[in-house]
Each structure stands twice: as C-alpha cells, then as structure tokens.
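Engineer: Pasting a structure below so you can have a look.
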Amino acid sequence: QVQLAESGGGAVKTGGSLTLSCVATAGIFDNYAVGWFRQAPGSEREFVAAITEGGGSTSYADSVKGRFTVSRLNAIKTLYLRMNSLKPTDTGVYYCAAHWMYEQITLGKADYWGQGTQVTVSS
C-alpha cells in the first residue's frame, strides 16, 4: 500500500509557474507508475500526466503538452509536476496517484490517491 501527500499548490497569474510535489509516506514507491490528475469546479477529474516506475517514459494530456513536465526521484520517493505558462483553465485540485500498471494510469485509473493540492490561476 502506498500513501501519497501532495504539496506546492497556490495562486498564480496567467503565464506563471508552479512546481507540485508528491511524497510517498508509505509503501515501495518505485514499484508503481505514478501520475497527476486534476479536477476543476463542477467537472470530473481528468488525467494530466504520468511516468513509469523507472522514469523512462512519460505521457501527457494534450491540454498540457509542452507546458508541464512530470518527473520522479525514487531515492526520496517523490513525484514532481513542473507547470509553466499556466492558464486559468489549469485551475483545479491536483491529485497524485499510483498504479501497478502505467497503462492504467494513462487511462485514468489508480489504486492510490493523495488528498490533493489547490492550484488557482487568475487572469
């Protein structure tokens, strides 16, 4: 079992940047593919980005390609999401998640979820 805790959210203006972090406080982090999801007010949770267990492959939603970068540092059990050129449409609660299978994360499925961190982008 993996326990996940996000941090790094905040309020920024359009064009700004933020880096989210997600630390695994329990479990064997490098056994899992991990990723980021977000949920805007009144919308369903959506896939943002994912990375394989060893970090060799990544996947992104079309809406964030070229602006967001997902990475992980297994030695300190941490997942990152670097977000550049932020837009108001990026506003929402961002969740990190873990799954045994990378393909399942990219399909929007996860075995474990963090509690979320709020990102607000104003115009």
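The values are calculated or read from the model by the stated rules, or taken from the named source; none is laboratory data. For clarity, every value in this text was computed on a predicted model and none was experimentally measured. Here the Cβ is made from the backbone with ideal geometry for all residues, glycine too, and neighbour counts use every protein chain on show. The accessibility values were calculated without ligands, DNA or RNA, using every heavy atom of the protein model including side chains. Shrake-Rupley method; radii C 1.70, N 1.55, O 1.52, S 1.80 Å.
Engineer: Net charge near Arg38, counting Lys/Arg +1 and Asp/Glu -1 over other residues with Cβ under 9 Å of its Cβ?
Structural biologist: Local net charge: -1.
Engineer: Loop only by DSSP, 12 or fewer other Cβ within 10 Å of the Cβ. Give me the GluC sites (Glu not before Pro) in the range 18-123 that pass, ordered by residue number.
Structural biologist: Answer by residue number: Glu44.
Engineer: Provide the per residue accessible area, probe 1.4 Å, for the range 44-123, rounded to a whole number of square angstrom.
Structural biologist: 51 Å²
Engineer: For the chain, with the dipole built from +1 on Lys and Arg beta-carbon atoms and -1 on Asp and Glu ones, taken about the Cα centre, which of Ile28, Met101, Thr14 lies farthest toward the positive end?
Structural biologist: Thr14
Engineer: Give a quick list of trypsin sites (Lys or Arg not before Pro) in the range 17-123 that DSSP marks as loop, anything other than H, G, I, E or B, with at most 14 other Cβ atoms within 10 Å. Could the numbers behind the result be given before it?
Structural biologist: Working: sites: Arg38, Arg45, Lys65, Arg67, Arg72, Lys77, Arg82, Lys109; in loops: Arg45, Lys65, Arg67, Lys77, Lys109.
Counting only loop positions with at most 14 other Cβ atoms within 10 Å, the trypsin sites (Lys or Arg not before Pro) in the range 17-123 are Lys65, Lys109.
Engineer: Can you pull out the chymotrypsin sites (Phe, Trp or Tyr not before Pro) in the range 15-100 whose DSSP state is coil and whose Cβ has at most 14 other Cβ atoms within 10 Å?
Structural biologist: Here the chymotrypsin sites (Phe, Trp or Tyr not before Pro) that fit, given the DSSP loop and packing criteria, are Trp100.
Engineer: Can I ask one more? Pulled fully out, how much extra length does the chain show between Glu46 and Asn31, if you take 0.36 nm times their separation in residues and subtract their Cα-Cα distance?
Structural biologist: Extending this stretch completely gives an extra 3.1 nm.
Engineer: Here's a follow-up. So if we plug the beta-carbon distance of Thr78 and Ser123 into 1/(1 + (r/R0)^6) with R0 = 41 Å, what FRET efficiency do we get, rounded to 0.05?
Structural biologist: Details: r = 31 Å, r/R0 = 0.76.
My answer for the efficiency is 0.85.
Engineer: Also, quick follow-up: Quote the Stokes-Einstein diffusion coefficient, in whole µm² s⁻¹, for the chain, based on the Kirkwood radius over alpha carbon pairs, a temperature of 10 °C and a viscosity of 1.306 mPa s. It would help to have the intermediate numbers written out before the result.
Structural biologist: Details: Rh = 14.0 Å.
Estimated diffusion coefficient is 113 µm²/s.
Engineer: Output wanted: per-residue J couplings in Hz (rounded whole) for the range 40-57, from phi through Karplus 6.51 cos²θ - 1.76 cosθ + 1.60, θ = phi - 60°, x for Gly and Pro.
Structural biologist: 8, x, x, 10, 7, 5, 10, 5, 10, 7, 8, 9, 6, 3, x, x, x, 9
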